Amino acid sequence: MSSRLSQVFGRSRTRSKQSVEEAQPVQHVQYSEGVQQVSEAEVRAAQKAWSDGIKNISKVYLEGGDYVKVAGEAAADLYAYGHNNVLFKPTKAKDCQFRPTASQAMSYFVGCNAVDEGIPEDAGFAINGGKGWADVVFDNHCVNVIGEVAIAMGNYYFTSCADGSKTKVEHTFGYAKNSD
């Protein structure tokens, strides 16, 4: 059985003074027998694939292509929707802070007007609100591998296609392998 690594939760923020959410009950997740341990190298490879995905979505958008299709393919490869509960707290979301479904995540990444039932606050993070991202670089403070899951925390840096400005964002992501 082959397996791939997917994000099972993600939380990032751009502001340093933000209230901490109250702890929620623990979700117990059943792991399939035969699932292998996650390695740090796999986490770094998943982060590179995520960065490449964001850059490609932006490129296709700026070229006038079907960026929604490209984003859907990237999301299917990089997130565990349909396999596990995905704990996704988008960076810029305020009104709809948590995105437990794939369609809610797509609204965030490609913008509310690009999908059915899009969430009005979503400008399209993967396309930088229409300006595009030229680069995304992860800088992990720590990657903690705990058997079948791994947690990475640090910063990542987004470079705007419009003016070359860089945005520093804090991240905490969880990773687990899926059967596909």
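Looking at (1) over 13 Å from the mean Cα position of the chain (by Cα); (2) farther than 17 Å from Ser51 by Cα, find the lone condition where Asn155 falls short.
Looking at each condition in turn, Asn155 falls short on (2).
Scan region 51-66 and report the pairs whose first residue is in contact (Cβ under 8 Å) with a residue 60 or more places away in the chain and within 13 Å of Val110 (Cα to Cα) and whose second residue is assigned to a loop (DSSP other than H, G, I, E, B) and open to solvent by 10 Å² or more (accessible area, probe 1.4 Å), with Cβ atoms within less than 9 Å and a gap of 6+ or a chain change.
Final answer for the pair search is Ser58/Lys131; Ser58/Cys161; Lys59/Gly65; Lys59/Cys161; Leu62/Lys131; Leu62/Cys161.
Which of the numbered conditions does Lys92 fail, given that it passes all the others? Conditions: (1) open to solvent by 50 Å² or more (accessible area, probe 1.4 Å); (2) part of a strand (DSSP E or B); (3) more than 18 Å from Asp52 (Cα to Cα).
(2)
So which residues in region 130-167 are aliphatic (A, V, I, L, M) and touching a strand residue (DSSP E or B) at 6+ places or on another chain (Cβ under 7 Å)?
Ala134, Val136, Val137, Val143, Val149, Ala150, Ile151, Ala152, Met153
Please find, among Ser179, Ser165, the residue that is farther than 27 Å from Gly82 by Cβ and polar (S, T, N, Q).
Result of the check over Ser179, Ser165: Ser165.
Please enumerate the residues belonging to region 80-97 that are under 14 Å from Cys112 (Cβ atoms) and in contact with a helix residue (DSSP H, G or I) (Cβ under 8 Å, 6 or more places away or on another chain).
Across region 80-97, the qualifying residues are Pro90, Lys92, Ala93, Cys96.
Does any residue of region 63-74 turn out to be outside any helix (DSSP H, G or I), closer than 20 Å to Ile119 by Cβ and open to solvent by 30 Å² or more (accessible area, probe 1.4 Å)?
Among the residues of region 63-74, not one is outside any helix (DSSP H, G or I), closer than 20 Å to Ile119 by Cβ and open to solvent by 30 Å² or more (accessible area, probe 1.4 Å), which makes the answer no.
Could you go through region 156-173 and let me know if any residue there is open to solvent by less than 20 Å² (accessible area, probe 1.4 Å) and farther than 27 Å from Val60 by Cα.
No, region 156-173 contains no residue that is open to solvent by less than 20 Å² (accessible area, probe 1.4 Å) and farther than 27 Å from Val60 by Cα.
Between residues in region 75-87 that are under 19 Å from Ala45 (Cα atoms) and of a type in the set (Lys, Arg) and residues that are at pLDDT 85 or above and open to solvent by 80 Å² or more (accessible area, probe 1.4 Å), which pairs lie under 6 Å by C-beta distance while being six or more apart or on different chains?
Cβ pairs passing all conditions: none.
What is the residue count in region 102-141 for residues that are over 13 Å from the mean Cα position of the chain (by Cα) and either within 30 Å of Ala41 (Cβ to Cβ) or hydroxyl-bearing (Ser, Thr, Tyr) (or both)?
The total comes to 11.
Kindly indicate whether Cys96 is over 21 Å from Tyr156 (Cβ atoms) and in contact with a Gly (Cβ under 8 Å, 6 or more places away or on another chain).
no
So Ala80 ticks every box in (1) more than 16 Å from Asn178 (Cα to Cα); (2) open to solvent by less than 60 Å² (accessible area, probe 1.4 Å); (3) modelled with pLDDT under 95 but one. Which box is left unticked?
Looking at each condition in turn, Ala80 falls short on (1).
Scan region 96-144 for residues that are touching a Ser or Thr at 6+ places or on another chain (Cβ under 8 Å), crowded, with 17+ Cβ neighbours inside 10 Å and part of a strand (DSSP E or B) and jot them down.
Within region 96-144, Trp133, Ala134, Val136, Phe138 meet the criteria.
The values are calculated or read from the model by the stated rules, or taken from the named source; none is laboratory data. All values derive from a computational prediction rather than experimental measurement. With ideal geometry, Cβ positions are generated from the backbone for all residues, glycine too; neighbour counts draw on all protein chains shown. For accessibility, only protein heavy atoms count, side chains too; no ligands or nucleic acids. Shrake-Rupley method; radii C 1.70, N 1.55, O 1.52, S 1.80 Å.
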